[in-house]
1. Can you tell me which residues in segment 394-405 are out of contact with any Lys or Arg (no Cβ under 6 Å at 6 or more places or on another chain) and assigned to a loop (DSSP other than H, G, I, E, B)?
2. Which of the residues belonging to segment 686-708 are out of contact with any Lys or Arg (no Cβ under 8 Å at 6 or more places or on another chain), open to solvent by 30 Å² or more (accessible area, probe 1.4 Å) and either at positive phi or among the aliphatic types (A, V, I, L, M) (or both)?
3. For ILE511, which of the numbered conditions (1) of a type in the set (A, V, I, L, M, F, W, C); (2) touching a Pro at 6+ places or on another chain (Cβ under 6 Å); (3) in a strand (DSSP E or B); (4) closer than 20 Å to TRP106 by Cα fails to hold?
4. Does PRO296 satisfy the condition of being assigned to a loop (DSSP other than H, G, I, E, B) and at pLDDT 85 or above?
5. Among (1) buried (at least 17 other Cβ atoms within 10 Å of the Cβ); (2) over 22 Å from ASN441 (Cβ atoms); (3) of a type outside the set (Val, Ile, Thr); (4) in contact with a Gly (Cβ under 8 Å, 6 or more places away or on another chain), which single condition is GLY582 missing?
6. List the residue pairs whose Cβ atoms are under 6 Å apart, where the first residue sits in segment 56-69 and is touching a residue at least 12 places away in the same chain (Cβ under 8 Å) and closer than 20 Å to LEU551 by Cβ, the second is open to solvent by less than 30 Å² (accessible area, probe 1.4 Å) and among the basic types (Lys, Arg), and the two are 6 or more positions apart or on different chains.
7. THR618 is checked against (1) open to solvent by 70 Å² or more (accessible area, probe 1.4 Å); (2) in contact (Cβ under 8 Å) with a residue 24 or more places away in the chain; (3) β-branched (Val, Ile, Thr); (4) not in a loop (DSSP other than H, G, I, E, B) and fails just one. What number does that condition carry?
Amino acid sequence: MARSFAVSVLLFCSLSARGQIPSIELKSLSQPVAQIGSEIERFTLTGKHTGELDRLLFSKPGIVAIPLAEPAGFIQDNSQPSGQFKLVVEASATPGLCEVRGVGRWGLSNPRRLLITAKPSLVVAGNCTDPSTAYALGPALTPDQASTILLGRCEPQKRQYFSIQLKAGEHFRGVVYAKSLDSLAVPLVTLHGPGKHRPELMRSRAAGYWPAELQFTVTQTGEYILALHDFLFQGGPDYAYALQYSIGNSASTARSLELDRLLRPSADIRSPASELGRFVVDEPTPTNKESVKLLPATDAVTVNEIPFEVAGRFTQPSQQSFDFFARRDQQLWISVQSHALGQLTDPRVVIRKLNETEPAGKPHHLLEHDDQPALGDAAIRIHLRDPQFSWKVPEDSRYRLEVIDSQAGARPDDATGYVLSVSERLPQFKVLAYWAYPTQNPATSIPSSSQLLRGGADSIRVVAFRMAGFQDAIEVFVENQPMGISAAPCIIPPSASEASITLVCDEDAQIQPAPILVMARALPDGNKQAAMLATTLWPANPFHNAVTARLCDELYVGVRPHDIAPVLVKLGDGATLDVKQGDKLTVPIQLVRRTGGGSACVLRPQQLPTKSSMPEVTVPADKSEAVTEIVIAGDTPLGEYSFWLQCETKIKWRDNPQSLTRAEANLQSLQDKLSNLADPDEKPRLESAIQTAKQGLESAKLSTAEKELTVWLPSTIQRIRVIGPAAATTLP
């Protein structure tokens, strides 16, 4: 993915002036790798508003987080969570990636990955930023033996050094993973030989989910040095990496490491590692699929029958050809999965008609397909670099399908795999769902999760992938939401690929965080299917001018019990309304205003039906009701639609007023102890504690002072049915 070394001033002005209600923004884990059967004595989550976490949620069983109390003392309130935990990985846990979420005063956090391993992990300690103080790696061990995984963090503008003793004839292999651990680091590692001048022998840089990787056959016995740093020399808590190495008598014996088994991307669509970089969905599995044994890349493989599926690998030249017979007007669905499986490729497909009457003749070029248009918004932009398309066969003939890799450069041998599928066209779809950060500009999105306040609303964004000519409307809905939360289904019409679901929370709801199911079905009566789920990973920054995201295991909903929404916007009454082509429809708007929500509200329509219009509505500060009018064009396609309003308003808000109450109570408690002090020797320490408590109280007054925030809130959804002028009750 392209990097940018500059980002516009406007973007970062909008980030800093966002003014959205504060919530947890989880950035990293204090230790992103943990061994089965081990304990981490002090495990923390870093980011914004992570100080009052009281529990952690894990997507895999066998992992327990025990809250740690604050140290005893005069000014600590031990009834409050410290945000620190003892992590216990039970013997029943299984190796692999799991997701961690924090729960506390500020609600529910976004997820971050924790890797569970069978091998032990060790945090790199001490200063190893100079070759003279290099971290000494232990005796190099074979992969089958206990090979420790080293955990570190890149340091800004510095290299980290590791020393290891190697013998002539040995084969050394080391890998450094970062992105698969939700790290910002792009590790670059170099190997330096023995001797006074420490010559550089080789280097490697991580690419996406692929590790920085060194393989070296030792020719001279001595001390070797590994130097590691972030590619852009960035560093800090968010730049974690995991390093593992092994020694063997040959390249094959040094090949397999646990980090590779758990994290290395795979072109096998059944492999868990293939999910690392994947946003494109699984294709329909062809019936009677034919497995093809690949010949050298210069030869064409003859396929006897459609459908067929091929698992191949690009070699040099990066092209493989398949000859097959197809009949006139046959509707085929042709799909390649490679980049979507985390491979370092950029495939395209060329189809040619073979000239059977003139065997020596050149095949006739018919069509070529490359990247598909990106889907989603600036928060989660899904770039589809694998060709997938429908093709209507023009005549009975034999055809040649060429799969070509447009990516150049040196890559690992196993980073060029692909899966080619050719089948009868079977229109299908998939839906991707994620929490939409509430802002007027998706490009300013940050890692976040459910932002539901009591009596408020939050939005789930959904994006549809239409495959093999699928053109029906899609209904998306939420299942198993907790009592006290409602969510009306939304509609993705045939002409669109995006929609939103609004979740509304009751004012008196006391709801524990829980996973919800986002489901979808084709209208009018398609079978339901579960949506793929995604999470925002990192916001835009000066070195990467785009929000990054990945797939996630679950979509949790949580409600902040201490906070109540200042404003709730209700559009319509929940009923589906009929409107004729060329007609107008008036929809009522109701605002539920509470403390802090007394300002004017600007309401802007979102995701309106094709060829329809609706004006922006401003509800004055002294009003709580309004109406809006949607105008349907005479040629708006018939069918069902859903739309909503984005409310921009200013609210009066106090951050965590409970902390001020606690600070006041703590000071009063200390003053009472001083008044009733029995031991004069304790007086100096108690007076010092009182001074500290007074400073804490003043700090709490500042942090909890009322302020004005600009917020963007979703309204409830209004669903309409566009009908023909003479068929007021007939669906299309």
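The values are calculated or read from the model by the stated rules, or taken from the named source; none is laboratory data. Keep in mind it's a predicted model, so treat the numbers as computed, not measured. Cβ atoms come from the backbone with ideal geometry, glycine included; neighbour counts cover every protein chain shown. Note: areas computed on protein heavy atoms with side chains; ligands, DNA, RNA excluded. Shrake-Rupley method; radii C 1.70, N 1.55, O 1.52, S 1.80 Å.
1. PRO394, the sole residue that qualifies.
2. Within segment 686-708, just LEU702 meets the criteria.
3. For ILE511, the failing item is (3).
4. no
5. Evaluating GLY582 over (1) buried (at least 17 other Cβ atoms within 10 Å of the Cβ); (2) over 22 Å from ASN441 (Cβ atoms); (3) of a type outside the set (Val, Ile, Thr); (4) in contact with a Gly (Cβ under 8 Å, 6 or more places away or on another chain) leaves (1) as the failure.
6. LEU57/ARG101
7. Failing condition for THR618: (2).
Residues checked against (1) surrounded by fewer than 21 Cβ atoms within 10 Å (Cβ to Cβ); (2) closer than 27 Å to LEU709 by Cα; (3) under 24 Å from the mean Cα position of the chain (by Cα):
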position: SER486; (1), (2), (3): yes, yes, no
position: PRO493; (1), (2), (3): no, no, no
position: ALA496; (1), (2), (3): yes, no, yes
position: ALA522; (1), (2), (3): yes, no, no
position: ALA540; (1), (2), (3): no, yes, yes
position: LEU551; (1), (2), (3): yes, no, yes
